[in-house]
Amino acid sequence: MTPEEVGQRLVTLLAPVEATATVSGGQAHSRATVDVPVHAWRAALLAARDDAELACDYFDWLSAVDELAEGFDVVTHLWSTTMRHGVLLRARVPRETPTVDSVVEVYPGASWHERETHEMFGVDFAGHDNLRPLLLPPEFEGHPLRKEFVLASRVAKPWPGAKEPGESEAGGGRRPIRPPGVPAPGQWGTTPTPAGAGGVGEGPRGGTPARPGRERPARPAPGTRAPHAPGAEHGEGGPA
């Protein structure tokens, strides 16, 4: 089945639920993408698994995307090991109450993915009875993959991507870019500019000016010889 056929087949199976099928980019690696209402999330995965034409028997991954004021997109990718096609399913949950049904009973492998998505984005999976921390310590507060989460360590430490490979600390590098997760200086302290950034900074601390380059002697015109130092022909005028 082509990606278009896969998407249309799933939309037909979910009727009368209003689902929308599109095709992702990637040319030869494109996938059917089906957006479903949040209340039809579990039913959509069941249909993709149990339908003989889709036969998506392999759970690939599940995560979320922070769409700011529009909420969170819960995303999962399924694959058919017999039909050799896949489908990307999405459901948008509101930011105020980010809750969607758990699909662990449909695909047991989704358990750890739902735990990580809950931990990183704060999305609740109704029916999952073990949403305990998976990657972070229990005392950690907040959800690091939300776009409003401030990565404080990037404010306190120099960002390792401040210089491009080959740029020395003495060279006048390009203007530094504030790393992801660090707000503007007026919102969270100051962001010092690394050495070699030509003195261009965003915070009051500014940057470390680049070391001025030494003046090089002018090159002689083609066909002329450089003048000799006085006494050079007689071995005078200092060490060779």
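The values are calculated or read from the model by the stated rules, or taken from the named source; none is laboratory data. A quick note: this is a predicted structure, and the numbers were derived from the prediction, not measured. Counting neighbours? That spans all protein chains shown, and the Cβs are built from the backbone with ideal geometry, glycine included. We work out accessible area using only protein heavy atoms, side chains counted, and drop any ligands, DNA or RNA first. Shrake-Rupley method; radii C 1.70, N 1.55, O 1.52, S 1.80 Å.
Hey, any idea what % of the range 1-67's accessible area is carbon plus sulfur with a 1.4 Å probe?
53 percent
Using label points projected 7 Å from each Cα along Cα→Cβ, tell me how many nm separate Val23 and Phe140, to one decimal.
3.9 nm
Work out the charge dipole of the range 77-136 with +1 on the Cβ of Lys and Arg and -1 on the Cβ of Asp and Glu about the Cα centre, then indicate which of Pro108, Leu89, Gly122 is farthest towards its positive end.
Value: Leu89.
Give, rounded to the nearest 20 debye, the magnitude of the charge dipole that the range 1-64 has about its Cα centre when Lys and Arg contribute +1 at Cβ and Asp and Glu contribute -1 at Cβ.
120 debye
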